[in-house]
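As structure tokens, the structure follows; a few thoughts come after it.
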Amino acid sequence: MKTPLASLLGLSLALALSGIAGPTNENTKASAQNLHTRQFKISTDTLMRNVRKLLPPKAGESNHDLLVRFLKEKKVDIQKPATLSLDEKKGFLLVRTSLGDLDKIEDLVAQTTSKK
């Protein structure tokens, strides 16, 4: 038989653990469920040439990293569980993120790849 103190300590520990782990796990599941995927057929050369004009690359920075940094400066932050994949050979940009960010990315890609 448990003593009242042991029961109280067990309850306190359970509440503390649920307070630490519960919301974090729920938020991760909720944010992962709210992700959507969109694929863009693009001219990678045009996109990256224009991005480089707007935001010079850092030494050794890949096109993928430059694009992520460009989007971040435009208030679109691609952080896990969101993903961005740039297939330079096939000319595809695959993005998995919120609908709002997908719309922003679509607008930015259209603006950046349009002929000026």
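The numbers here are math on the coordinates, done by the rules we state, and not lab data. In this text, all values refer to a predicted model and were calculated from it rather than measured experimentally. Every residue, glycine as well, gets a Cβ built from its backbone with ideal geometry; the counts of neighbours run over all protein chains shown.
Here are some notes:
- Here the gap between N34 and K104, fully extended at 0.36 nm per residue and compared with their Cα-Cα distance, gives a gain of 23.6 nm.
- Unsatisfied cross-links (Cα-Cα over 22 Å) in the set K41/K89; K58/K104; K58/K90: K58/K104; K58/K90
- Projected label distance in nm at S85 and R52, using a 7 Å step from Cα toward the beta-carbon: 2.5 nm
- Sequence-ordered 3J(HN,Hα) estimates for the range 35-50 from the Karplus curve with 6.51, -1.76 and 1.60 and θ = phi - 60° stand at 7, 10, 10, 9, 10, 10, 8, 9, 8, 4, 4, 5, 4, 6, 4, 6 Hz, glycine and proline given as x.
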